[in-house]
Each structure stands twice: as structure tokens, then as C-alpha cells.
1. Roughly what angle does helix 103-112 make with the longest principal axis of the chain, taking Cα atoms, 0 to 90 degrees, to the nearest 10?
2. As an exercise, find the ratio Rg/Rh for segment 87-163 from alpha-carbon atoms, using the Kirkwood inverse-distance average for Rh.
3. Within segment 75-163, list the GluC sites (Glu not before Pro) lying in a DSSP loop whose Cβ has at most 13 other Cβ atoms in a 10 Å radius.
4. Under 5 Å between amide hydrogens, which residues at least 5 positions from R156 or on another chain qualify, with H placed 1.01 Å from N in the peptide plane?
5. Where does helix 133-143 land angle-wise versus the long Cα axis of the chain, in degrees 0 to 90, nearest 10?
6. Just one of (1) -0.53; (2) -0.31; (3) -0.28 is log10 I(q)/I(0) by the Debye sum over Cα atoms at q = 0.08 Å⁻¹ as worked out from the coordinates here. Which one is it?
7. Cα convex hull of segment 7-81: mean projected area in nm², to one decimal?
8. Select from segment 61-123 those trypsin sites (Lys or Arg not before Pro) which occupy a DSSP coil region and have at most 14 other Cβ atoms within 10 Å, ordered by residue number.
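No value in this document is a laboratory result; all are computed from the given coordinates. Predicted model only: the values in this text are computed from it and were never measured. All Cβ positions, glycine included, derive from the backbone under ideal geometry; neighbour counts span all protein chains shown.
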Amino acid sequence: MPEIGKRHIISAVVENQPGVLARVASLFSARGFNIESLNVGETENPLWSRMTISLSGDDRIIEQIRKQLEKLVDTIKVSELAGSACLERDLALIKLKAPPNRRGEVRDLVDIFRARIADVTERHMTVEISGDEEKLQAFIRLAAPFGIAEMARAGRIAIKRGD
């Protein structure tokens, strides 16, 4: 089992082809790594996809994983994103129990966190929130007393700052 260490974010630009995600995921699972978050989407070039992989481990093992990712035939570019040199965001949809008499309180919380109300039904309000992990955790903690009926998180995305 790999040593638990600091959180790392690896960005891999890969060919937008069937099976690439499975090959990358099997590279991690073969080494006993748990991927904390994995997000894949098309880039500015429709022939490529960007994988943002978040995991914890020591620097030596992360470097080994990075090198092995670079060897995959479908890989175009691999880089580690860290600290203030990159922008990171998580996205969550959180369905809260919100009877009419509590909706004002939910709206106040949504405004404080610069989130947005994505859907309203008779008994629920669904909130869309994006930001760093700490922001999402703080919102979840403060929204919990309303009652979280359901939650979906998209996983971390990240990109280098500047040029």
C-alpha cells in the first residue's frame, strides 16, 4: 500500500479515444493507488481530453506514476499542478430539504457562499456551488442542519495559471 502523503494534482492531456480512461485507471489500481478525484473532459482541441487526477502520496511515488503516465501511447502531456501556480475548482450539486418557511435562510447561505440555486420544488432546493475544497466543505457543514437529501460532486478540475 502506498504511503499516505501530501495531496497531488496531476494533469494529463491524452488522446480523446475509447479505452484511454480505462488504461490510465488501471495504471493507478495496479499500484494500489486510490484516486481521490478524477475528472475528464474535452480540451480546446476536440482530439484531446484533459484528465485531472487528485491523489495523495509521497513525492517519489507520484513522480513514478507521472513517468509511467508519460509512457502510455495515448498520452500527449503530463504535468503536476501545485499551489499558487494553478487554479483549482470543485463543483457540487446539493439538494437541501427546504420547506417554504426555511427558504429565506437557504438563500442567505447561498448568497454568502456565492453559490446559486439551480432548482426549487415544493420540498427541496438544489444548490450549485463551485470553489476550492475548503469552501465546499464549509458550505456542506453549514447546510447540513437543513437536511441534505442528496449530493453529487464532479471532482476537482485544475489548470496552470498564466502562460
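1. 40
2. Reported Rg/Rh, Kirkwood definition of Rh: 1.03.
3. Hits after loop and neighbour filter: E122.
4. Close amide H contacts, sequence-distant or interchain: L38.
5. 20
6. Answer label, from the structure shown: (2).
7. Projected over every direction and averaged, the Cα hull of segment 7-81 covers 4.5 nm².
8. Sparse-neighbourhood loop trypsin sites (Lys or Arg not before Pro): R114, R123.
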